[in-house]
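Worksheet for the structure shown next.
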Amino acid sequence: MLETRSAVYKMMKNVAHEERQIKYWPPPFASDMTPYRERDFDGNVRKVCLSKSLVPRISKAIVLGDVAVGKTSLVNRFCHKLFDNNYKATIGVDFEVERFDVLGVPFNLQIWDTAGQERFKCIAASYYRGANIIVIVFDLGSLMSLSHSQQWLAEAERSNVGFYHIFLVGTKRDLLSNKVYEVIEKRAITVAKTINAEYWAVSSRTGDGVPELFARMASLSFNATIIRELQTSATEQITVGSDLVTLKNQKELPEKKKLKCNGCTV
C-alpha cells in the first residue's frame, strides 16, 4: 500500500527547477524605478533559512489591468514558456501556482490572472482579497491603459489591508522603437511613483524581463513574509532608564494565582 503523503511534505521533498532557485537578491528593473530599497535579503531571514527549520511558504499575486494589455500572455510566458498570438479573453480568473526555492526554503507563488473586461469585474474582484503582491499591467503602446493604473490599484486596495508589494508592468516592449519607448517610459515612471509601485517593462513574446520580474516579486514577498513572522514571534524590548527590559508576548505570561484570605479573593 502506498504511503499517503501531504502536499506540504511532497513540496519539501521536491526541488524547484534550477532557474527557480533564488540564492541571490534579484535587482529591480532599474534602481531609480522602485520604492523598495532592500539590497539583499535581511540578515535575520538568511539566518533562519540556514537553520532549515522553516516550512514551505506561500504568497498570493493578483494580476490586474485593462482588457488585451497582455496579462494572460505575461503569466503564460512565465509559467509555461509559451506565447500565443491568438488572444482569448480571460473569463473571471485563471489560477497558477509556481514553485521557487528561496535561500533553500520552498516557496509557492499563487498567480491570479484576472479578467479585464468590465462585465467580469465583479467576479474577478472577489479573488483580490489576501494579496501579497499587486501587479498592474498596461500596454506600453496604449497610454489609455496606463492612465487606468490608479483605478485598478484602487480596486485591489478595497479588498486588501496591511502591507503588499505593488508592481507596474508595461508589456509588448518588443513592439516599440527605443525612441518611442523612452517617451512612454517617462510617463510610466511618473505613474509608478504616484502609486508607489516598482516599474518594469517586459516582452511576453520574447520573454525579455519576464523571469527576472517574477523572481523579484517572489524574493521581495518571501523576505517580507519571514520578517513579519520573526517580528510577531519575537519578544518586545524597551529601554527603561539605562536598563533593557524584555516584555514577552501577553499570551506567554503566566496566569496570576488567586490568593484567598479570610474568605476574600485577592
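The values are calculated or read from the model by the stated rules, or taken from the named source; none is laboratory data. Worth saying up front: this structure is predicted, and the values here are computed from it rather than measured. For neighbour counting, all protein chains shown are included, and Cβ atoms are generated from backbone atoms with ideal geometry for every residue, glycine included.
Considering only region 192-204, how many residues are in a helix (DSSP H, G or I) and not polar (S, T, N, Q)?
Number of matching residues: 2.
Which of the numbered conditions does Asp66 fail, given that it passes all the others? Conditions: (1) touching a Gly at 6+ places or on another chain (Cβ under 6 Å); (2) within 15 Å of Met217 (Cβ to Cβ).
Condition not satisfied by Asp66: (2).
In region 24-42, which residues are more than 16 Å from the chain's Cα centre (by Cα) and farther than 12 Å from Ile189 by Cβ?
Within region 24-42, Tyr24, Ser31, Arg39, Asp40, Asp42 qualify.
Results for (1) of a type outside the set (S, T, N, Q); (2) under 19 Å from Lys60 (Cβ atoms), shown as yes or no for each residue.
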residue	(1), (2)
Ile133	yes, yes
Leu143	yes, no
Ser147	no, no
Ser177	no, no
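How many residues are closer than 16 Å to Val69 by Cα, acidic (Asp, Glu) and without any contact (Cβ under 8 Å) to a residue 24 or more places away in the chain if we restrict to region 132-157?
0
Test of understanding: among Ala218, Ala188, Ala201, which residue is under 23 Å from Arg129 (Cβ atoms), in contact (Cβ under 8 Å) with a residue 12 or more places away in the chain and either within 20 Å of the chain's Cα centre (by Cα) or crowded, with 21+ Cβ neighbours inside 10 Å (or both)? Can you show your working first?
Details: Ala188 fails: under 23 Å from Arg129 (Cβ atoms); Ala201 fails: under 23 Å from Arg129 (Cβ atoms).
It is Ala218.
Are any of the residues in region 183-194 of a type in the set (Asp, Glu) and either under 28 Å from Ile58 (Cα atoms) or at pLDDT below 95 (or both)? Lay out the reasoning, then the answer.
Filtering region 183-194 down to residues of a type in the set (Asp, Glu) leaves 185.
When the remaining residues are screened for being either under 28 Å from Ile58 (Cα atoms) or at pLDDT below 95 (or both), the result is none.
No, region 183-194 has no match at all.
Out of the residues in region 78-93 that are at pLDDT 85 or above and out of contact with any Phe, Trp or Tyr (no Cβ under 6 Å at 6 or more places or on another chain), which is farthest from Val45 (Cα to Cα)?
Top of the filtered list is Phe83.
Results for (1) in a loop (DSSP other than H, G, I, E, B); (2) hydrophobic (A, V, I, L, M, F, W, C), shown as yes or no for each residue.
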site: Leu146; (1), (2): no, yes
site: Ser159; (1), (2): yes, no
site: Val169; (1), (2): no, yes
site: Val180; (1), (2): no, yes
site: Arg187; (1), (2): no, no
site: Thr190; (1), (2): no, no
site: Thr206; (1), (2): yes, no
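Restricting the search to region 97-144, which residues are modelled with pLDDT under 95, part of a strand (DSSP E or B) and charged (D, E, K, R)?
Answer for region 97-144, where residues must be modelled with pLDDT under 95, part of a strand (DSSP E or B) and charged (D, E, K, R): just Asp113.
Tally time: how many residues in region 208-230 are closer than 24 Å to Gly170 by Cα and either assigned to a helix (DSSP H, G or I) or β-branched (Val, Ile, Thr) (or both)?
13
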